[in-house]
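A short worksheet on the structure shown next.
The values are calculated or read from the model by the stated rules, or taken from the named source; none is laboratory data. All values reported here derive from a predicted model rather than from experimental measurement. In this analysis, Cβ positions are derived from the backbone assuming ideal geometry, glycine residues included, and neighbour counts consider all displayed protein chains.
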Amino acid sequence: MIPDPATWPSTVVGGPETAVLACGAGLLGTGALWIALRSVGATDERATRLYALAALIPSIALASYVAMATGVGVVAVPIGGRGPVELRWARYADWLFTTPLLLLVLGVLVDADRDALFGAVAADAFMIATGLVATLSTVPVYRYVWWAVSTLTFLLVLYFVFVVLTAEARALGTETASAFVVFRTLTGVLWTAYPVWWLLGPRGLAAVTPVVETAGFVLLDVATKAGIGLLLLRSRAVGDGTATTKSDGRPVATE
């Protein structure tokens, strides 16, 4: 049985949550460094952009984790009937930058329409912002309303990834189209886990303790932000020319 949230230990620097955050920082830093080193020498312009984005994403997350592990950006948010729960807002700052960059990676991979990509990035930013509002809300009903708003916006982002970008991928060579399906599926599954895990956490149903919640987010962040970059390094679709040509060999139009 999960203990009463009022009895949960504080997540101050030096506690178990700090150790979990430090592990996350180490994994993200290792991933970023590995991606950067392995991408050295890339000559294809498109591949260079993708590798730079892939290395930047875990680097931003690394900075966020170092900040959280050292006690920066922690506020106590009163939760109705439970007392104050510590909120690490640096996590949301991380997501505000890294999730649009992940969308940009997928967009560059399939040469997405820039206007559609901009709309998806805007929706993504709104999703993160409303998620933060849900976290900061002190009234339970408001907290769930804002969570629902954020989740509905997330469905729009998924529509962009699974419908709009998939249509773009189908016009490309089979190598890139197949690679995109892998990246799309990984992104969709992992991103869907975020709102569910939030709902189970201290600011939602309080089904897990703060340390367990943090450990779950660490696993999701490492898999999403470093995992996709590592897959890009192994993908033959990056930098082989197939991503900028249609299946019949004609060049893909660029805006």
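Every listed requirement among (1) at pLDDT below 95; (2) surrounded by 21 or more Cβ atoms within 10 Å (Cβ to Cβ); (3) of a type in the set (A, V, I, L, M) is met by residue 141 save one, (2).
Within the range 44-78, track down each residue that is over 22 Å from residue 214 (Cα atoms) and among the small types (Gly, Ala, Ser). Those that are over 22 Å from residue 214 (Cα atoms) and among the small types (Gly, Ala, Ser): 47, 52, 54, 55.
Among the residues of the range 76-91, are any closer than 30 Å to residue 177 by Cα, aromatic (Phe, Trp, Tyr) and either modelled with pLDDT under 95 or touching a Leu at 6+ places or on another chain (Cβ under 6 Å) (or both)? Checking the range 76-91: not a single residue is closer than 30 Å to residue 177 by Cα, aromatic (Phe, Trp, Tyr) and either modelled with pLDDT under 95 or touching a Leu at 6+ places or on another chain (Cβ under 6 Å) (or both). Looking across 41, 71, one residue alone is more than 23 Å from the chain's Cα centre (by Cα) and either assigned to a loop (DSSP other than H, G, I, E, B) or modelled with pLDDT of 95 or more (or both). It is 41. Does residue 57 satisfy the criteria of being among the hydrophobic types (A, V, I, L, M, F, W, C), within 19 Å of residue 108 (Cα to Cα), part of a helix (DSSP H, G or I) and modelled with pLDDT of 95 or more? Here the answer is yes, as residue 57 does meet what is asked. Examine the range 153-172 for a residue that is closer than 27 Å to residue 69 by Cβ, in contact with a Leu (Cβ under 9 Å, 6 or more places away or on another chain), of a type in the set (Phe, Trp, Tyr) and buried (at least 21 other Cβ atoms within 10 Å of the Cβ), and state whether such a residue exists. The answer is no; no qualifying residue exists.
Just to be sure before I move on: is residue 91 among the charged types (D, E, K, R) and surrounded by fewer than 17 Cβ atoms within 10 Å (Cβ to Cβ) in the structure I sent? So residue 91 fails the test.
When residue 134 is tested against (1) surrounded by fewer than 22 Cβ atoms within 10 Å (Cβ to Cβ); (2) under 30 Å from residue 84 (Cβ atoms), exactly one condition is not met: (1). Applying the condition of being outside any helix (DSSP H, G or I) and out of contact with any strand residue (DSSP E or B) (no Cβ under 8 Å at 6 or more places or on another chain) to the range 132-145 and asking which residue is farthest from residue 73 (Cα to Cα) yields 139. Scanning the range 64-73 for residues that are surrounded by 17 or more Cβ atoms within 10 Å (Cβ to Cβ) and either over 15 Å from residue 24 (Cα atoms) or of a type outside the set (Val, Ile, Thr) (or both) returns 64, 65, 67, 68, 69. Of the residues 169, 148, 112, the single one that is in a helix (DSSP H, G or I), over 17 Å from the mean Cα position of the chain (by Cα) and in contact (Cβ under 8 Å) with a residue 40 or more places away in the chain is 169. Identify the residue in the range 121-150 that is touching a Pro at 6+ places or on another chain (Cβ under 8 Å) and of a type in the set (A, V, I, L, M) and, among all such residues, is farthest from residue 200 (Cα to Cα). Across the range 121-150, the extreme among qualifying residues is 121.
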